[in-house]
Amino acid sequence: MVFLNKYSLLFLVGLVLYSCVQSKMQKDNTYEDSSIKNSISFFDQAYDNERGVYLSEVDFYGSTLSSKIHTVALSRIIYGLAYSSQYFPENMNRAESCARFQLTRMLGRDSVGPYFIPEVGDGKISQPESLDIWQQAYGLCGLTELYRSGKNDKLLTEIHHLNKAFIERFRDKENGGFYGEYNFNSGGVSGTKTIQSLMYPITAYMANLWFADKSNRIEYEGIIKEHLSIAYSKVWNDSMGWVNTKFDDKWKPMTEASEKAWVTPGHNFQLAALMLRSSKWPFISAENQMKYEKMGTSILKETLRKDIWINDSITNGFYGGINPLTNKVLDKNCSWWQHCEALIALSLCPEFKEEFESIKEFYFDSFVDVKNGGEIANIDLEGKPIIEPKGQKGKSVYHHIEMLRMLNETGMAGANN
């Protein structure tokens, strides 16, 4: 009989523990890999090999519905391809091909500079009379992630031109922040300031660009700090426990008629996530870091205790639309993007780990379509998918993959689904 001395025993115990850790890491990576692959491969039928670009309108099962290519949908798939190239290197080639198409076929130009054309299709270009901030901000989403992943200096130059023109068009130099719409003849459109015009430029690309473009960070910091300051003081309505969604030109919240008031829980979670993320950014003052973290946590607490849960259980997900004045449910369906935003926000706040795990299990069981591929946009009260296109004007792979990225960065990805 062979007896082990204490050193041999310790070695064997250490070896077993190391093997367990390696096994868990491999399992986690396999889980993330498969989820990303399921999301992106769904759009394979929509890839136009001749032009090197994805068509945007795709039905529930993966077949293309038209020849249209939408700026937001294309940019979001570039984001997914670029980010996923760390797992699937071949995706970088498609990301670069799509970016070339976007930069050569989907840009217009005026005296201010370049801008994104909202859509092309059937050989036609849709030339708008005005630009909305949602499409212009998310037009930079994929290019920014492609630069972060590939560090192409020529691409960065293009991004700088687009970013400079974006700021010049939408920024209100008098009252700060961005207008939500820009008219080619008259400039920033009065009355178009919204929660989106405050948050989306940061969350769509500017925070990611600050992270990637280390040599030019000062170019983005002023805008980001300005928007965070306005968001902190104007967006959260503490008396209602909901975000304010529309503002006048001086950022005073606009009160809507009771019958028209509408808010999504997803925007509560988006604001909470932005506050919590920014509380860790080094160019934010220590005082503001504390304020933003406190607000983000407070928003999460308030939203989690609201009557938004189907059958009063967090395990069933939350409703898609609420009247903030009456708290009446206006949309009884569950939306995939809103649950992605909830997971991002909750992953940033360790005290809500239990709630995070419940929503995470619900999300992957309900929205990830392992049979047909991709993500289901909406499900009904019974948890059944609503059969509608999975590729739309603004829907491709972005929300799902951005969520996976954020969970990976916060260490909350895991493999328990």
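Charges at C-beta only: +1 for Lys and Arg, -1 for Asp and Glu. How large is the resulting dipole of the stretch 42-213 about its Cα centre, in Debye rounded to 20?
About 340 debye.
Which Cα, out of N244, G113, W281, lies furthest along the positive dipole direction of the chain (beta carbon charges, K/R +1, D/E -1)?
Toward the positive end, the furthest listed residue is W281.
Could you calculate, for the chain, the ratio of the Cα radius of gyration to the Kirkwood radius, expressed as Rg to Rh?
0.99
What is the distance in Å between the Cα centroid of the stretch 141-155 and that of the stretch 315-375?
Result: 30 Å between the Cα centres.
Accessible area per residue, 1.4 Å probe, Å², for the stretch 224-352: what's the number?
44
Ignoring ligands, DNA and RNA, what percent of the accessible area of the chain is carbon or sulfur (1.4 Å)?
That share works out to 50 percent.
Is the stretch 304-417 rounded, prolate or oblate when judged by the Cα gyration tensor, a ≥ b ≥ c being the square roots of its eigenvalues, rounded requiring a/c under 1.5 and prolate requiring a/b larger than b/c?
oblate
Could you give the DSSP H helices of the chain that reach 18 angstrom or more along their long axis (alpha carbon positions) and whose average Kyte-Doolittle hydropathy is no lower than 0.0?
71-84, 265-278
So, in Å, what gap is there between the alpha-carbon centers of the stretch 387-414 and the stretch 59-98?
About 13 Å separates the Cα centre of the stretch 387-414 from the one of the stretch 59-98.
Divide by every residue of the chain the summed helix terms, -39500 (n - 2.57) for each DSSP H run of at least 4, and state the resulting mean residue ellipticity at 222 nm, rounded to the nearest 500 deg cm²/dmol.
-16000 deg cm²/dmol
Which whole-number value in Å³ per residue fits the convex hull of the alpha carbons of the stretch 42-213?
Cα-based convex hull of the stretch 42-213, divided per residue, equals 125 Å³.
What is the chain's relative contact order, in percent, from Cα pairs under 8 angstrom and six or more apart in sequence?
17
Give me the distance in nm between label points sitting 7 Å out from Cα along the Cα-to-Cβ direction at Q45 and D249, one decimal.
Placing both labels 7 Å along Cα→Cβ, they lie 5.0 nm apart.
Along the Cα→Cβ direction, 7 angstrom out, place labels at Q289 and S111. What is the inter-label distance in nm?
Going by the 7 Å Cα→Cβ label model, 4.5 nm.
Roughly how big is the chain's charge dipole about its Cα centre, with Cβ charges of +1 (Lys, Arg) and -1 (Asp, Glu), in debye to the nearest 20?
740
First select every other residue whose beta carbon is under 12 angstrom from the beta carbon of S215; then total the charges, Lys and Arg +1, Asp and Glu -1.
0
Please report the accessible area of V397 (heavy atoms, 1.4 Å probe, ligands and nucleic acids excluded) in Å², nearest 10.
Rounded to the nearest 10, that gives 0 Å².
With every protein chain kept in place and ligands, DNA and RNA left out, what is the accessible area per residue of the stretch 42-213? Probe 1.4 Å, answer in Å².
Value for the stretch 42-213: 40 Å² per residue.
The values are calculated or read from the model by the stated rules, or taken from the named source; none is laboratory data. As the structure is a prediction and not an experimental result, all values here were calculated from the model. A quick note on method: Cβ atoms are made from the backbone with ideal geometry, for glycine too, and the neighbour counts reach across all protein chains shown. The accessibility values were calculated without ligands, DNA or RNA, using every heavy atom of the protein model including side chains. Shrake-Rupley method; radii C 1.70, N 1.55, O 1.52, S 1.80 Å.
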